[in-house]
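Scroll down for the structure; my scribbles are underneath it.
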2 protein chains.
Amino acid sequence: MTSRHLAPLVLLLALAAPLGAAEAPKVDYPAGYRQWAHVRSMVIYSEKHPLFATFGGIHHLYANAEAMRAYTKGGTFPDGSVIVFDLLDTKDENGAWVPGERKFIGVMHKDRAKYKTTGGWGWEGFKGDSRTDRMVTDANAQCFSCHEKQKDNDFVFSGYRP
Amino acid sequence: MTSRHLAPLVLLLALAAPLGAAEAPKVDYPAGYRQWAHVRSMVIYSEKHPLFATFGGIHHLYANAEAMRAYTKGGTFPDGSVIVFDLLDTKDENGAWVPGERKFIGVMHKDRAKYKTTGGWGWEGFKGDSRTDRMVTDANAQCFSCHEKQKDNDFVFSGYRP
């Protein structure tokens, strides 16, 4: 969905919402992200890890061309940057962790005008392989509550692994 | 190195080698592969796994545009296809496997005219982050001895994970 198509939707949402509760526009599904550059990966496999309950499995980070400029050259992520956190279940097969079903994807979309209160980033989670079924009602608030700690790194946890 | 530059080198090698021992041309380092599409990943973490000694760590497979056509649409890999097996050491950090140093990359390059005796693929391994330091003297023979089992899948083990 382009921003041109989004504008009437935003107006509709603004009219429908109670006064004072206008939400930031939703982040779109990042179509084609599996062909984007692969930033890095990690496997959280044990309950010993503090993030196991939320992020257990193998995750891969992907970045579009705008985000890759900041990952590889440093500096602030430009508007239009999109980063995808792709979490898959894992199975232990004979001493190897192999990928299973997709649990969800998390998306960060940089747009400083749209997402002023959450570090200039919009946030979203899509369940499994769905492009429409969202994880939570207010991903911006939920994701930002943790990513906020990374303010000095433009709210991003991952670094590019060459 | 382009094939135009390679031709004199091949001639030189042919002249230098004993008769009957002419080798297939070497496969080039796959410059820029870290920006190619990411096919799939796996972590071989235990000696229980039969490939631990050779491939222990986290590996990622990357494919150029030609190879991605076959991965996503099926059929034989076209000439020009390049697949990279990127193997990194792993560290167990508090219940998570995180990537460490690069151990080596393995490369498959499809060129049916050049690599007639090894399934139409040329093979190579580059140590660590080096673009010149090759793993073995005859990667074609060594890699093919195992990949040969995958003849019905055009000698490729991996499948694309959407």
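The values are calculated or read from the model by the stated rules, or taken from the named source; none is laboratory data. Computed from a predicted model, the values in this text were never measured in an experiment. For neighbour counting, all protein chains shown are included, and Cβ atoms are generated from backbone atoms with ideal geometry for every residue, glycine included. The area values use the complete protein model at the heavy-atom level, side chains included, leaving out ligands, DNA and RNA. Shrake-Rupley method; radii C 1.70, N 1.55, O 1.52, S 1.80 Å.
Among the residues of the stretch A:26-55, count how many are part of a loop (DSSP other than H, G, I, E, B) and at the interface with chain B (Cβ under 9 Å from one of its Cβ atoms).
Of the stretch A:26-55, the ones part of a loop (DSSP other than H, G, I, E, B) are A:26-32, A:36, A:45-51.
Subset that is at the interface with chain B (Cβ under 9 Å from one of its Cβ atoms): A:36, A:45-51.
The number of residues fulfilling the criteria is 8.
Looking at (1) open to solvent by 50 Å² or more (accessible area, probe 1.4 Å); (2) within 11 Å of chain B (Cβ to nearest Cβ); (3) touching a residue at least 60 places away in the same chain (Cβ under 8 Å); (4) assigned to a strand (DSSP E or B), find the lone condition where A:GLU101 falls short.
Among (1) open to solvent by 50 Å² or more (accessible area, probe 1.4 Å); (2) within 11 Å of chain B (Cβ to nearest Cβ); (3) touching a residue at least 60 places away in the same chain (Cβ under 8 Å); (4) assigned to a strand (DSSP E or B), A:GLU101 violates only (3).
Please tell me if A:TYR115 is within 13 Å of chain B (Cβ to nearest Cβ) and touching a residue at least 60 places away in the same chain (Cβ under 8 Å).
Values: within 13 Å of chain B (Cβ to nearest Cβ): no; touching a residue at least 60 places away in the same chain (Cβ under 8 Å): yes.
Considered against the rule, which asks whether it is within 13 Å of chain B (Cβ to nearest Cβ) and touching a residue at least 60 places away in the same chain (Cβ under 8 Å), A:TYR115 comes out as no.
Report, by residue number, each residue of the stretch A:73-98 that is closer than 17 Å to A:SER158 by Cα and either more than 14 Å from every other protein chain (Cβ to nearest Cβ) or in a strand (DSSP E or B) (or both). Step through it out loud before you land on a result.
First, pick out the residues of the stretch A:73-98 that are closer than 17 Å to A:SER158 by Cα: A:73-78, A:81-87.
Matches in the stretch A:73-98: A:GLY74, A:GLY75, A:THR76, A:PHE77, A:PRO78, A:SER81, A:VAL82, A:ILE83, A:VAL84, A:PHE85, A:ASP86, A:LEU87.
I'd like the full set of residues that are open to solvent by 100 Å² or more (accessible area, probe 1.4 Å) and not in a helix (DSSP H, G or I), limited to the stretch B:136-161.
Those that are open to solvent by 100 Å² or more (accessible area, probe 1.4 Å) and not in a helix (DSSP H, G or I): B:THR137, B:PHE157.
Scan the stretch A:46-59 for residues that are over 21 Å from A:GLN142 (Cβ atoms) and surrounded by 14 or more Cβ atoms within 10 Å (Cβ to Cβ) and jot them down.
Step one: filter the stretch A:46-59 for residues over 21 Å from A:GLN142 (Cβ atoms), giving A:46-48, A:58.
Selection gives A:ILE58 alone.
Which condition from (1) on the phi < 0 side of the Ramachandran plot; (2) open to solvent by less than 20 Å² (accessible area, probe 1.4 Å); (3) out of contact with any Pro (no Cβ under 9 Å at 6 or more places or on another chain); (4) of a type outside the set (D, E, K, R) is the one that A:ALA65 breaks?
Every condition holds for A:ALA65 apart from (2).
Tell me which residues, restricted to the stretch B:26-45, are open to solvent by 20 Å² or more (accessible area, probe 1.4 Å) and either in contact (Cβ under 8 Å) with a residue 24 or more places away in the chain or farther than 14 Å from B:PRO99 by Cβ (or both). Full working, then the answer.
Of the stretch B:26-45, the ones open to solvent by 20 Å² or more (accessible area, probe 1.4 Å) are B:26, B:28-29, B:31-32, B:35-36, B:40, B:42, B:45.
B:LYS26, B:ASP28, B:TYR29, B:ALA31, B:GLY32, B:GLN35, B:TRP36, B:ARG40, B:TYR45 - these are the residues of the stretch B:26-45 that are open to solvent by 20 Å² or more (accessible area, probe 1.4 Å) and either in contact (Cβ under 8 Å) with a residue 24 or more places away in the chain or farther than 14 Å from B:PRO99 by Cβ (or both).
Is it the case, given these coordinates, that B:ALA70 is within 14 Å of chain A (Cβ to nearest Cβ), outside any strand (DSSP E or B) and either at pLDDT below 95 or over 14 Å from the mean Cα position of the chain (by Cα) (or both)? Explain how you work it out, then say what you get.
Numbers: within 14 Å of chain A (Cβ to nearest Cβ): no; outside any strand (DSSP E or B): yes; either at pLDDT below 95 or over 14 Å from the mean Cα position of the chain (by Cα) (or both): yes.
No: the conditions fail for B:ALA70.
Against the definition (farther than 30 Å from B:PHE104 by Cα, in contact with a Pro (Cβ under 9 Å, 6 or more places away or on another chain) and open to solvent by 50 Å² or more (accessible area, probe 1.4 Å)), how does A:ASP133 come out, yes or no?
Values: farther than 30 Å from B:PHE104 by Cα: yes; in contact with a Pro (Cβ under 9 Å, 6 or more places away or on another chain): no; open to solvent by 50 Å² or more (accessible area, probe 1.4 Å): yes.
Considered against the rule, which asks whether it is farther than 30 Å from B:PHE104 by Cα, in contact with a Pro (Cβ under 9 Å, 6 or more places away or on another chain) and open to solvent by 50 Å² or more (accessible area, probe 1.4 Å), A:ASP133 comes out as no.
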